[in-house]
Amino acid sequence: MSGSVPEAVSSAPPAPRSRGLTVVAGLLAAAVVAVLGNVVVALLARAAGASGDFAPLHLSAYGLLTVFGVVLGAIAAPGSASPTPRS
């Protein structure tokens with residue numbers, strides 16, 4: 001059509017994800033991996049003869065403490081998630 005304005009194509013990069021969202025996703029992934037590791041250890045301990053009544057081998061005993069440890073570890077090492085390497 002004559003006189004029509006061509007559509008402008010934006011060359012701007014997509015908006016980056018929020019740093020907070022990235023940190024929360026990383027903490028969640030780390031907590032899931034850590035809890036799964038604990039599950040494997042608990043299953044191996046039971047297979048090796050540990051009693052099923054032994055409370056520390058129950059998910060309810062170590063799950064919350066594992067997540068707590070992951071969060072405390074992230075707080076204690078704030079520079080480890082730095083986007084720029086230390087020299």
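The values are calculated or read from the model by the stated rules, or taken from the named source; none is laboratory data. All values reported here derive from a predicted model rather than from experimental measurement. Ideal geometry is used to build each Cβ from the backbone, glycine not excepted, and the neighbour counts take in all protein chains shown. What goes into the accessible areas is simple: the full protein's heavy atoms, side chains included, and nothing from ligands, DNA or RNA. Shrake-Rupley method; radii C 1.70, N 1.55, O 1.52, S 1.80 Å.
Some points to look at:
- If you filter the stretch 41-65 down to residues that are assigned to a loop (DSSP other than H, G, I, E, B) and open to solvent by less than 100 Å² (accessible area, probe 1.4 Å), you find that the one that is nearest to Ala30 (Cα to Cα) is His58.
- Test result for Gly20, modelled with pLDDT under 85, within 17 Å of Gly73 (Cα to Cα) and exposed (fewer than 12 other Cβ atoms within 10 Å of the Cβ): yes
- Qualifying residue in the stretch 76-87 (condition: among the hydrophobic types (A, V, I, L, M, F, W, C), surrounded by fewer than 11 Cβ atoms within 10 Å (Cβ to Cβ), closer than 27 Å to Val24 by Cβ and modelled with pLDDT under 95): yes
- When Val35 is tested against (1) surrounded by 12 or more Cβ atoms within 10 Å (Cβ to Cβ); (2) not in a helix (DSSP H, G or I), exactly one condition is not met: (2).
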